[in-house]
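So the structure is just underneath, and the comments pick up after that.
The values are calculated or read from the model by the stated rules, or taken from the named source; none is laboratory data. In this text, all values refer to a predicted model and were calculated from it rather than measured experimentally. Here Cβ is always computed from backbone atoms with ideal geometry, including for glycine, and neighbour counts include all displayed protein chains. What goes into the accessible areas is simple: the full protein's heavy atoms, side chains included, and nothing from ligands, DNA or RNA. Shrake-Rupley method; radii C 1.70, N 1.55, O 1.52, S 1.80 Å.
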Amino acid sequence: MTRNRYRLDRHVQPQAYDLTLTPDFQRFTFTGRETIRLRAARPFRTLTLHALELKITQARLHERSSTPAQAPERITYDAALETATLHFKHPIRPSASLALELAFEGTMNDKMCGFYRTSYDVRGKRQWGGATQFEATDARRAFPCWDEPDCKATFTLTLRVPRALTALSNMPLVRQRRLPGTGLKALRYAPTPRMSTYLLAWVMADLECVQARDRDGILIRIWTTKGRRAQGRFALSVGVHALPYFAHWFGIPYALPKLDMVALPDFASGAMENWGLVTYRETALLVDPAHSSAPAKQRVAEVIAHELAHQWFGNLVTMGWWTDLWLNEGFASYMGPKAVDDQFPEWQIWQQYVAGEYLGALHEDSLQHTHPIEIPVQNPHEIREIFDSITYSKGSAVNRMLEHYLTEPVFRKGLSIYLKRYAYRNAATGDLWAVLEEVSGKPVRAIMASFTKRPGYPLLSVAAAGRGRWRLTQRRFLASGRPASAHEDQPWSVPVVASAAGESQPRYALLRARSAIWRAPASAAWIKLNTGQSGFYRTAYAPSQLAALVAALAGRQLPSLDALGLLDDVFALAQAGHLRTSQALDVLNNCRRYTDYHLWLTIAGSLQAIERLLPPGATQRQLWQVGHALIAAQARQLGWEAQAEEGHLQALLRALLLGRMGHYQDAATMAEARRRFQAFARGSELAPNLRSAVYGIVAEHGGRREYAQLLALYRRSPLQEERVRVLRALTQSQQPALIRRTLTLALSPHVRRQDAYVLLGGFGGNRAGRPIAWAFVKTHWPELVRRYASGGLNLMTRIVEGAAGGFTSASALADVSRFFAVHPVPGTERAMQRTLEHIRLSGRWARRDQADIARWLAQHV
């Protein structure tokens, strides 16, 4: 096996870091000193560790306390490998007291990675703070280190910061002293447990907090910039519930004495699970009771639960290398909804999970340019690219499938044993399967290998075989509809669950062969595979069976999750050319009697997918008429006003349906949205749950006046959630001049860098805005690459896919393909491939089925 040149040699490894950092907020630089206690397996004369955008100003290596320290003859840097190498004149021998002392300096960058600067307003004045984001490979931007997940060590941190600032780190503060004549204070924190570099963190800013102890006595604090402390109370209630929930579910106490969660004004991703100091975007942690919507509140709960699940999966037990990143993210994405559902059962979070995470993973993994969950990665660019829906969403979906197959008690017991066995250590996917197999006695490794080591998933075809027998046949499903190669199409080991008409309970079996017989009562009118959408596969039915299921849909005989799964399967099959799109529309048309939010979310998405295929004009207007007819009755029944004791899901459904009614040009809805918006602009109240729909309708059908009002609202709102809500609405504009103005705004100082992708990638679903946005992205490509393509979690991929992925024409495909070929960016290769594949798929679907769709619409208007 060829050695990965991006990985460090293992003959020297760190045991403990003692690190001191001093930021300079005038010049946005920092200086640092560290002592790293080392363990060496053999003598050495060169020592290589990670360092990026750092200058080492002094180095000494202590071999033994009785001998003088040795300074390196020279220090060399390799920018490509992101390393610094110390060259010593004399060999260094292994010793119990081996220690490396370094002094270094670096820059507090504006890229939201490494040790970076963040700005915020206090009483109208701009202030500066500092924060860190080290996952996946950016600790090396803050201090020289062994920046790989299996190089675990302890960290003792000292921060020298301005006296007015609050500074936080992973562990509690143990000592504080003033530094006379400097305006600084030195804060020293307790040593951490053994952990990976990417989990170390610190934050320094003018902060305040709300706090409480959970039922296990752990201190939990929510930190905000000044004046926003009250917006942390909902997050505190979620944290106080979720942290002990996981401790008791896993049977393992939380490992640290405190948990801090901080809302940062500048933050690239949603949140980061740093052990004991979890950092968030403001929109992922703060809830304003007067101005936050139900979806925003739900997102806060979901993100917090995800990050706190990481305190066990990822922090206590860490993957050995990024190939197994899914052990962190797939499990946090699956465990998070458990805690949310336990606290808020009325939200039906698992039904929403299926409509979002699960279906999103099925769509992404049906592409030719997907990848296995367990994917070999070599360098930082490749590592950043796999923070995607396959790692997160497919990872969580196969965990859900496995738990349903093993049963929750067995799955829970296995996870607890795994976490205890590998605590404070590193593990690989095979280690987990071995434990679950040991506990369950079932062939876990064989089942899961087909879902984690290979890309894609199976399509199970169902055909009647007579006398209550049904033949199941499997093959790989590809959105292109092409047959998979023999190498790609080896049978999966599929845990199958199915329900039949007249049966009260679903039945389970393990399908390993290419084809098998399933037995059901001879009287069963239909059979529905994948009950509850628990398995990671799609299902295709013979025409007579599909007709029977459509009849069951019309009578609401299928549970809403099964209706959702059937609907999404037929649209995926239509895209692939295995069904006519008119057949999929028949299924959709028979869902109209359901009232479930998660199903209507899927219906709305299916109609949006069809709209992209149609040219502007009469056929598009007919689709709007059909869409309007589908949702009008439910939208009018829900109305504009929330009812007393109305539930969370009714609020979500109202906003969804009103937004769709406005898009379908319902005159009454557009007029009411304008009326409410103008009243809000004059100072009246507008319910937060209506704002996204109202802003979107006004932006889509309004002009310069409404645009100016939205922009004024954006500029005066102190709530980041509200500002992002306005930005999303602006991407619905239809007038070219306003679209160009919005795109220019994206790169202006008025929009935080973390939010620019909302605008730059937000026009993908807007027919009028799409070509203008793509032209803007091409023109400003060098600036976008400079801002977003290095470090962090690569916001460039969101811009690429959002700006270009919505096209359907051959000419657009040629243009995007040429541009990508001439302007490659490391770390966006997969995003570019996916974008081109989406354009090809949509173009083929449109050319094949436009006439079929037009005929169906003409018959149903």
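Give me the distance between the Cα centres of the range 717-738 and the range 338-372, rounded to whole Å. Between the Cα centre of the range 717-738 and that of the range 338-372, the gap is 27 Å.
What do the square roots of 5 times the Cα gyration tensor eigenvalues come to for the range 148-274, in whole Å, largest first, as semi-axes of the equivalent ellipsoid? Please list the in-between numbers first.
Working: eigenvalues 122, 80, 40 Å².
Working through the eigenvalues yields semi-axes of 25, 20, 14 Å.
Estimated from the Cβ-Cβ distance and a Förster radius of 45 angstrom, the FRET efficiency linking Thr29 and Arg421 is about 0.55. Going 7 Å from the Cα of Asp342 along its beta-carbon direction, which residues of the range 223-263 have the amide nitrogen within less than 11 Å of the resulting point? Under 11 Å, as judged by backbone N against the label point of Asp342, lie 241-252 of the range 223-263. Each of the peptides 710-716, 783-789 was scored by the mean count of other Cβ atoms within 10 Å over its residues; in descending order, highest first, they stand as 783-789, 710-716. A Förster radius of 45 Å, combined with the Cβ-Cβ distance separating Ala629 from Arg445, puts the computed FRET efficiency at roughly 0.30. Over the heavy atoms of Arg74, what accessible area does a 1.4 Å probe trace out, to the nearest 10 Å²? Rounded to the nearest 10, that gives 130 Å². Taking a point 7 Å from the Cα of Ala775 along the Cα-to-Cβ direction, none of the residues of the range 794-829 has its backbone N closer than 11 Å to it.
Which whole-number percentage describes the relative contact order of the chain, with Cα contacts under 8 Å and a sequence gap of 6 or more? Walk me through the numbers on the way to the answer.
Numbers: 1663 pairs, mean separation 71.8, N = 861.
Once divided by the residue count of the chain, the mean separation gives 8 percent.
Taking packing as the residue-averaged number of other Cβ atoms within 10 angstrom, the listed peptides 578-589, 387-398, 552-563 run from highest to lowest as 387-398, 578-589, 552-563. Can you compute the label reach from Arg704? Point 7 Å from Cα along the Cβ direction, backbone N cut-off under 19 Å, restricted to the range 726-755. Zone members listed by number: 730, 733-745.
Note the angle between two axes, namely the Cα long axis of helix 704-716 and the longest principal axis of the Cα atoms of the chain, as a number of degrees from 0 to 90, rounded to the nearest 10. For 704-716 against the chain, the angle is about 30 degrees.
Dividing the radius of gyration of the alpha carbons in the chain by their Kirkwood radius gives 0.97 for Rg/Rh. With each label modelled as a point 7 angstrom along the Cα→C-beta vector, the Trp640-Val861 pair spans 2.9 nm. Between Gln211 and Leu173, the modelled labels are 0.9 nm apart [label points 7 Å from Cα along Cα→Cβ].
Shape annotation for the range 286-348: C-alpha extents along the principal axes are 45, 21, 17 Å, from largest to smallest.
Applying a 10 Å radius around every beta-carbon, put 757-765, 626-634 in order of their mean neighbour count, most first. If you can, show how the numbers build up before the last one.
Values: 757-765: 23.2, 626-634: 18.2.
Packing order, densest peptide first, comes out as 757-765, 626-634.
Annotation for Asp150 and Asp489: the two label points, set 7 Å from Cα along the Cα-Cβ direction, are 3.8 nm apart. The three principal axes of the Cα atoms in the range 664-794 give end-to-end lengths of 45, 30, 22 Å, sorted in falling order.
Expressed as cubic angstrom per residue, what is the convex hull volume of the alpha carbon set of the range 777-861? Before the final figure, lay out the partial values.
Numbers: hull volume 9.4 nm³, N = 85.
Output value, Cα hull per residue: 111 Å³.
Note on the range 646-699: Rg/Rh from Cα positions, Kirkwood definition for Rh, rounded to two decimals, is 0.97. In this structure, the amide hydrogen of Arg45, modeled 1.01 Å from its nitrogen in the peptide plane, lies closer than 5 angstrom to those of Ile92, counting only residues at least 5 positions away or on a different chain.
How far, in nm, would the chain grow between Ala618 and Ala41 when pulled straight, counting 0.36 nm per residue and subtracting the alpha carbon separation? Spell out each step's value before the answer.
Details: separation 577, 0.36 × 577 = 207.72 nm, distance 7.49 nm.
Gain on extension, Ala618 to Ala41, equals 200.2 nm.
Working note: Cα atoms of the range 713-861, range along each principal axis, descending, whole Å: 50, 38, 25. From the alpha carbon centroid of the range 501-534 to that of the range 641-715 is 45 Å. Gyration tensor analysis over the Cα atoms of the range 182-225 returns equivalent ellipsoid semi-axes of 22, 19, 11 Å (largest first, whole Å). Rg of the Cα atoms in the range 319-421, relative to 2.2 N^0.38 Å, amounts to 1.13. In the chain, the longest principal axis of the Cα atoms and the axis of helix 648-663 are about 70 degrees apart.
For Arg10 and Ala542 in one chain, what is 0.36 nm times their gap in residues minus the Cα-Cα distance, to one decimal in nm? Could the numbers behind the result be given before it?
Working: separation 532, 0.36 × 532 = 191.52 nm, distance 5.72 nm.
Full-extension gain reported as 185.8 nm.
Taken over the alpha carbons of the range 217-339 as equal point scatterers, the Debye sum produces base-10 log I(q)/I(0) values at 0.11, 0.13, 0.15, 0.23 Å⁻¹ of -0.34, -0.48, -0.63, -1.41.
Between the helical axis of 408-421 and the longest alpha-carbon principal axis of the chain there is an angle of about 20 degrees.
In plain terms, the chain from Ala428 to Asp852 could stretch by 147.7 nm, reckoned as 0.36 nm per residue minus the Cα-Cα distance.
Short-range pairs are left out: with C-alpha atoms under 8 Å and at least six residues apart, the relative contact order of the range 258-357 is 20 percent.
The percentage of C-alpha pairs in the range 512-583 whose separation is greater than 18 Å is 41%.
P(r) tail for the range 362-460: Cα pairs beyond 20 Å make up 43% of the total.
A convex hull fitted around the alpha carbon atoms of the range 15-173 yields 131 Å³ per residue. With respect to the cross-link table entries Lys55/Lys111; Lys413/Lys442; Lys226/Lys338; Lys258/Lys394; Lys394/Lys453; Lys453/Lys528, which display a Cα-Cα separation exceeding 21 Å? Among Lys55/Lys111; Lys413/Lys442; Lys226/Lys338; Lys258/Lys394; Lys394/Lys453; Lys453/Lys528, the Cα-Cα distance tops 21 Å for Lys226/Lys338; Lys258/Lys394; Lys453/Lys528.
The share of alpha-carbon pairs in the range 552-630 lying farther apart than 20 Å comes to 29%.
Taken over the C-alpha atoms, the range 167-206 has Rg and Dmax values of 12.0, 36 angstrom.
Normalised by 2.2 N^0.38 Å, with N the number of residues, the alpha-carbon radius of gyration of the range 503-650 equals 1.18.
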